[in-house]
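The values are calculated or read from the model by the stated rules, or taken from the named source; none is laboratory data. A quick note: this is a predicted structure, and the numbers were derived from the prediction, not measured. All Cβ positions, even for glycine, are placed from backbone atoms using ideal geometry, and neighbour counts span all protein chains on display. Just the protein is used for accessible areas: all its heavy atoms, side chains included, with ligands, DNA and RNA removed. Shrake-Rupley method; radii C 1.70, N 1.55, O 1.52, S 1.80 Å.
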Amino acid sequence: MTGKRISGIVFRMALFLGLLAGICLAAGCKASDSLPAQPSQEDLIVVGFSQVGAESDWRNANTISMQEALSPQNGYRLILEDAQQKQEKQITSIRNFINQGVDYIVLAPTTETGWDTVLTEARNAQIPVIIVDRMIETEDTSLFTCWVGSDFLKEGTTAVQWMEENLREEPLKIVHLQGNLGSSAQLGRTRGLEQGLQKHTDWEVVFRAPGDFTQAKGQELMETVLEEGLEFNVIYSENDNMTYGAIEALQSAGIEPGKDVTIISFDASSTALHMLLEGKITYDVECNPLHGPRVQAIIEELEAQKPFSKYTYVEETSFDRSNTTEQLIESRGY
Ligand code: GZL
């Protein structure tokens with residue numbers, strides 16, 4: 001580009017910017033007025049968040065909810081670390097957060113046990129720990145400040161109650177796809193089914209295996225069931241993504257999900273509820289992932305030294321064809 005052309009461009013840019021500044025001054029605005037006031041970096045509350053992973057629609061919605069709530073506009077700097085469903089990665093993340101001197105640690109635990117040592121280190125560093133979603137098992141509840149999440153046993157018993165009321169015509173032969181073994185979601189949803197099995201002698205689990213809450217593993221397990229030629233009429237799948245995989249396998253085998261086999265699922269994500277409207281999923285128990293605003297409210301209470309609850313259970317519902325519409329799905333936000 002020749003020098004003459006550059007100077008011409010520079011001149012035209014200067015003219016444009018001068019005009020823009022004049023318009024702005026005439027409108028009485030200042031550059032600073034047009035932008036929302038941003039807290040300075042040092043005023044932000046720094047939150048280290050150890051997230052399970054990105055294994056499911058639920059998890060992704062949970063991450064987005066946390067990012068939207070704990071944003072710089074709201075006065076936060078969020079350090080998000082994805083553990084790829086491995087507890088050891090979460091323990092490393094928590095130690096990183098301690099070394100960085102964060103103001104708060106938020107932990108979505110992969111599993112219930114094995115947290116005492118690292119949470120003792122956080123307590124020694126005087127960093128409050130908020131547990132979200134699943135629960136941890138510890139003798140010393142002073143190792144965490146508070147917990148917000150779901151009642152997973154209630155989710156399981158809700159599903160079983162629906163089965164008792166709606167599946168009476170024949171004995172139940174159940175394929176049970178479990179979540180990550182040892183996670184609260186798996187423990188609670190499995191326990192709910194176990195209570196149903198103890199009550200109903202004509203209910204039988206013909207196949208049970210962990211599908212790690214992923215679509216790929218759910219499909220793989222369902223393919224195994226089909227290859228083994230097992231007889232079944234109900235699938236009890238502990239999250240929607242495993243359900244999507246199971247549906248893939250059923251359809252490849254010419255079996256109509258929701259018609260040839262009843263499908264009970266958990267999470268009630270929008271994709272699953274659309275499948276419910278199509279008749280592929282029969283019943284879906286909600287597990288609400290929108291913990292961001294809840295964690296933000298807790299931190300604000302702690303910052304203001306206001307009283308707060310040690311345990312907060314999230315309100316949840318369930319869906320079948322009688323109460324699910326497109327409008328309702330659109331209104332739910334995930
Ligand atoms: C439940 C959450 C579970 C979801 C799955 O609170 O921990 O983990 O049910 C997710 O979709 O993977």
Peptide ranges 282-288, 110-116 listed from the most packed, as the mean C-beta count within 10 angstrom indicates: 282-288, 110-116
Label zone at residue 164, where the point sits 7 Å out along the Cα-to-Cβ direction: the range 258-291 residues whose backbone N lies under 20 Å: 263-266, 283-286
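With an 8 Å cut-off on Cα pairs and a minimum separation of 6 or more residues, tell me the relative contact order of the range 169-304 in percent.
Relative CO of the range 169-304 lands at 21 percent.
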Part-to-part distance (alpha-carbon centres) for the range 289-322 and the range 122-182, which is given in Å: 15 Å
Largest-first principal axis extents of the Cα set of the range 199-334 (Å): 60, 32, 32
Axial C-alpha extent at least 27 Å, average Kyte-Doolittle at least 1.0 - helices from the chain (DSSP): 3-26
Probe 1.4 Å, accessible area per residue of the range 78-211, Å²: 43 Å²
Mean Cβ count within 10 Å, highest first, over the residues of peptides 151-162, 89-100, 261-272: 261-272, 151-162, 89-100
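Is there a quick way to get the dipole size of the chain? I mean about its Cα centre, with the Cβ of Lys and Arg at +1 and of Asp and Glu at -1; what is the value in debye to the nearest 20? Walk me through the numbers before you get to the answer.
On the way: 26 positive and 49 negative charges, 356 e Å.
Dipole of the chain, to the nearest 20 debye: 1720 debye.
What number, in percent, do you get for the relative contact order of the chain if the mean sequence gap of Cα pairs under 8 Å and at least 6 apart is divided by its residue count?
Working: 600 pairs, mean separation 50.6, N = 334.
Computed over the chain, the figure is 15 percent.
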Modelled label reach - residue 67, point 7 Å along Cα→Cβ, the range 277-299 residues with backbone N closer than 16 Å: 290-293
